[in-house]
Amino acid sequence: SVAMVMKRLRGRRWDALIREDHAAGRLPQLKGLARQFAILDALTRAVAYAHSRGVLHLDLKPNQVIVGEFGETYLCDWGMAARLRPDGTLDFVTRPTGPFGTPEFMAPEQALGDLEAVGVRTDTYLLAGLAHFILTNSPPHPEGRDMGEAIDLARLNRLVPLPDSVPPMLRSVVGKGLSAR
């Protein structure tokens with residue numbers, strides 16, 4: 001017989017916390033940004049650790065993060081993860097044959113299905129997409145009318161604009177992270 005043991009996570013989904021902060025007017029206030037960017041910092045360190053072990057997540061989005069009562073941060077759903085071999089190739093459990101990821105968040109190389117271009121930069125793009133979500137309460141790419149249009153918007157790197165209230169330095173960092181290049 002087979003048994004699976006998993007850690008029980010207690011907390012709230014990060015997307016709900018971000019939406020709650022926006023609804024309460026705590027974003028884009030400095031205190032709200034500090035809270036949300038502390039969570040993003042923890043995720044960035046978790047992803048950096050995974051990268052140091054040769055693992056890419058490839059599907060970072062706010063609803064895959066659980067934040068516990070004491071600020072503990074859990075990055076969930078590693079089902080799309082891939083091992084980055086030393087030669088730069090990827091080892092997938094199930095190798096994608098086309099676009100893969102969540103269209104509203106995916107990097108252009110994912111939308112193109114360009115596995116040779118997928119790498120650490122892809123997770124970096126997705127982390128910048130999380131920063132974009134904090135600032136806008138919206139994924140980086142607009143929702144398409146259907147899956148095809150949503151993937152096209154990601155492929156073309158069409159972005160939901162950042163609000164004018166975003167400070168120039170932060171606008172620059174998020175913009176560079178979301179650059180197709």
Exercise. Candidates (1) 10, 41, 38, 11, 0; (2) 8, 26, 27, 23, 13, 3, 0; (3) 9, 36, 36, 16, 2, 0; which is the computed P(r) over Cα pairs in 10 Å bins from 0, in percent?
Worked result: (3)
Exercise. With charges set only on the Cβ (+1 for Lys and Arg, -1 for Asp and Glu), what does the dipole of the chain come to about its Cα centre, in debye to the nearest 20?
Worked result: 500 debye
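Just need the relative contact order of segment 42-166 here, percent rounded to a whole number, with Cα pairs under 8 Å and 6+ apart.
Relative contact order of segment 42-166: 22 percent.
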Exercise. How much solvent-accessible surface does residue 152 expose, in Å² to the nearest 10, with a 1.4 Å probe and all protein chains in place?
Worked result: 70 Å²
Exercise. Sorted by packing (mean other beta-carbon atoms within 10 Å per residue), highest first, where do 77-89, 137-149, 94-106 land?
Worked result: 94-106, 137-149, 77-89
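Go ahead and estimate [θ] at 222 nm for the chain from helices alone: -39,500 (n - 2.57) per DSSP H run with n ≥ 4, summed, over the residue count, rounded to 500.
-13000 deg cm²/dmol
Quick check: residue separation of residue 120 and residue 179 times 0.36 nm, minus the Cα distance between them. What number comes out in nm? The partial results should precede the final answer.
Details: separation 59, 0.36 × 59 = 21.24 nm, distance 1.40 nm.
So the extension gain works out to 19.8 nm.
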Seminar exercise, completed: Counting Lys and Arg as +1 and Asp and Glu as -1 over every other residue whose Cβ sits under 9 Å from the Cβ of residue 32, the net charge comes to +2
Problem set entry | Those residues of segment 13-38 whose amide nitrogen sits under 14 Å from the label point placed on residue 77, 7 Å along Cα→Cβ | 13-16
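The values are calculated or read from the model by the stated rules, or taken from the named source; none is laboratory data. In this text, all values refer to a predicted model and were calculated from it rather than measured experimentally. Heads up, the Cβs are rebuilt from the backbone with ideal geometry, glycines too, and the neighbour counts pull from every protein chain shown. Remember, those area values only see protein heavy atoms, side chains included, never the ligands or the DNA or RNA. Shrake-Rupley method; radii C 1.70, N 1.55, O 1.52, S 1.80 Å.
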